[in-house]
Each structure stands twice: as C-alpha cells, then as structure tokens.
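Nothing in this text is a laboratory measurement; each read-out follows from the coordinates by a stated rule. Just so it is clear, the structure is predicted and the values come from calculations on it, not from any experiment. Glycine gets a Cβ as well: all are built from the backbone with ideal geometry, and neighbour counts include every protein chain shown.
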Amino acid sequence: MVRWDCPPRCLSSHVLPVRPHCEELTWHPSHGDGQVRVVRWTCDCEPVFYELCQASGLRFLRRTRRVTIPEGATVAESDRWQAQEADEMWIALLHGLVR
Ligand SMILES: [Zn+2]
C-alpha cells in the first residue's frame, strides 16, 4: 500500500511522517484481552509499530513501542470503531494524518 525505500527484509508498510495537520488519537493502556485478531500491521523495523486489530466485532489501532519506558506501558490502544471507520483510521495513520 505505502511504498518505502528500505532493505528487502521490510515486507510490511511503514507509517509516513506526521503531516502538519495530523490529528491526535486518544491512546489507552492495552486491556490485553485475549480474543484479538490482528488484521494489518506496520513493519516492526521501527521503534514504534502499529497494528489494526479486531475484537468482538469492533476494530482499533494498537501501538507498540519497542523501547521499554520505565514509567508506562509500551502497548497502547485507540478507541474502538466499526470496521469501516477503523479501516479509514488505519489509512490515515499510514499517511501521517492521525497519530
Ligand atoms: Zn521496515
């Protein structure tokens, strides 16, 4: 979907840099609930990567920071949306329009 110049080991999408009018999402600590299906994901070669997840009929974005931050969780989740809205958020995320 989003093309990026990177080493061949990178097979997944990368998020583009934040645009000037990027909207900020609300990020919550991960619930860690079991029945989550990962629908799409960005390349994990970067310190922060994202997944589009589905749980109980709703979808949300999950952000994982690979660097351990002592004072907080490294995994955060967005609000939950219907599939179509979540898919649009995912596209916006990849294009640097929300973060
Ligand atoms: Zn990569």
First select every other residue whose beta carbon is under 14 angstrom from the beta carbon of V18; then total the charges, Lys and Arg +1, Asp and Glu -1.
0
Taking H placed 1.01 Å from N in the peptide plane, check which residues at least 5 places from H95 or on another chain put their amide H under 5 Å from its amide H.
L16
Between the stretch 12-54 and the stretch 73-87, the alpha-carbon center distance in angstrom:
8
Order of 83-89, 14-20 by packing, highest average Cβ count within 10 Å first?
83-89, 14-20
Built amide H within the under 5 Å cut-off of W41, gap 5+
L52
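What is the gain in length, in nm to one decimal, between S56 and R9 on full extension, counting 0.36 nm per residue of separation less the C-alpha to C-alpha distance?
Values: separation 47, 0.36 × 47 = 16.92 nm, distance 3.29 nm.
Taking 0.36 nm per residue and subtracting the Cα distance, the gain is 13.6 nm.
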How large is ³J(HN,Hα), in whole Hz, for each residue of the stretch 57-66 in order, when computed from phi with the Karplus curve 6.51 cos²θ - 1.76 cosθ + 1.60 and θ = phi - 60°, using x for Gly and Pro?
x, 10, 10, 8, 9, 10, 10, 10, 9, 6
